[in-house]
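J.: Before anything else, here's the structure in question.
The values are calculated or read from the model by the stated rules, or taken from the named source; none is laboratory data. None of these values were measured; they are calculated from a predicted model. Note: ideal-geometry Cβ built from the backbone for every residue, glycine included; neighbour counts use all protein chains shown.
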């Protein structure tokens, strides 16, 4: 269920590299649940064989992508306003990765690959629990800076729950919409799951973002902002090279045609902070 062969980003040219400090989160009045799932009668078992760690080890995350409108103001005005809003909820950045090659080079980051429309930057915030993440996302502290955020950047993101992310791990992060839920579950997932094995990949996060789908799958109801998708997912690998090896490898390339028949993915290969 990850990404694939056609590695392209539809991102506007990056003016200046931002210090992607904390302010990665939702837009003001528009802190809405992710777009509702198009009439999918069946909820997908998103790669059942690769189970997310369960129990008390689960954490809350806010992750997604963004494009800069004003890189200088993002760095000098918005980030200093937004970072302190994390503190009451114990939130912290565990991933910031530039997806535009020139921006990644300028910021000293490894060059990413991706598929679908993502953004110039990927980010992930971690909280001790889903409730803490949701508290921050919907809280008054962050609400106070949303107007400035929307002046300087264009975000798409979601609040999700998942297993721990290892520092320095390679990740494939993204969202997708289903075209054919039955075929996704019965044909694509059984084809795609085994492609992770040679690279040691596993699911850290699978979270339904459409409320009805989340209820049917026994997941907590998420909130999000921007065009994300029906489902959120994060794959975790030992390092960036393993993640990139899977993403560009022959095993996964063999199932991409079927993937694109049954779902519409937006995703990128990134590295967690060490």
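J.: Condition first: surrounded by 17 or more Cβ atoms within 10 Å (Cβ to Cβ) and out of contact with any strand residue (DSSP E or B) (no Cβ under 9 Å at 6 or more places or on another chain). Now tell me which residues in the stretch 245-255 satisfy that.
T.: Answer for the stretch 245-255, where residues must be surrounded by 17 or more Cβ atoms within 10 Å (Cβ to Cβ) and out of contact with any strand residue (DSSP E or B) (no Cβ under 9 Å at 6 or more places or on another chain): 252, 255.
J.: Go through (1) crowded, with 20+ Cβ neighbours inside 10 Å; (2) assigned to a loop (DSSP other than H, G, I, E, B) and name the single condition residue 270 misses.
T.: For residue 270, the exception is condition (2).
Yes or no, residue by residue, for (1) touching a helix residue (DSSP H, G or I) at 6+ places or on another chain (Cβ under 8 Å); (2) within 26 Å of residue 167 (Cβ to Cβ):
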residue	(1), (2)
211	no, no
215	no, no
218	no, no
227	no, no
233	no, yes
237	yes, yes
248	no, yes
253	no, no
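Per-residue answers, yes or no, for (1) modelled with pLDDT of 50 or more; (2) within 20 Å of the chain's Cα centre (by Cα); (3) loosely packed, with under 15 Cβ neighbours inside 10 Å; (4) over 24 Å from residue 119 (Cβ atoms):
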position	(1), (2), (3), (4)
21	no, yes, no, no
32	no, yes, yes, no
65	yes, yes, no, no
73	yes, no, no, no
77	yes, no, no, no
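J.: Condition first: more than 25 Å from residue 98 (Cα to Cα), more than 18 Å from the chain's Cα centre (by Cα) and modelled with pLDDT of 95 or more. Can you find one or more residues in the stretch 161-179 that meet it?
T.: Yes, there is a match, as at least one residue in the stretch 161-179 is more than 25 Å from residue 98 (Cα to Cα), more than 18 Å from the chain's Cα centre (by Cα) and modelled with pLDDT of 95 or more.
J.: Find the residue count for the stretch 90-136, including only residues that are assigned to a helix (DSSP H, G or I), more than 30 Å from residue 256 (Cα to Cα) and either free of Cβ contacts under 8 Å to residues at least 12 places away in the same chain or touching a strand residue (DSSP E or B) at 6+ places or on another chain (Cβ under 6 Å) (or both).
T.: Matching residues across the stretch 90-136 total 4.
J.: Taking the stretch 191-221 as the search range and keeping residues that are free of Cβ contacts under 8 Å to residues at least 40 places away in the same chain and out of contact with any strand residue (DSSP E or B) (no Cβ under 7 Å at 6 or more places or on another chain), which one is nearest to residue 248 (Cα to Cα)?
T.: Top of the filtered list is 197.
J.: OK, next. Which condition does residue 264 not pass, out of (1) surrounded by fewer than 22 Cβ atoms within 10 Å (Cβ to Cβ); (2) in a loop (DSSP other than H, G, I, E, B), if it passes all the others?
T.: Residue 264 satisfies every listed condition except (2).
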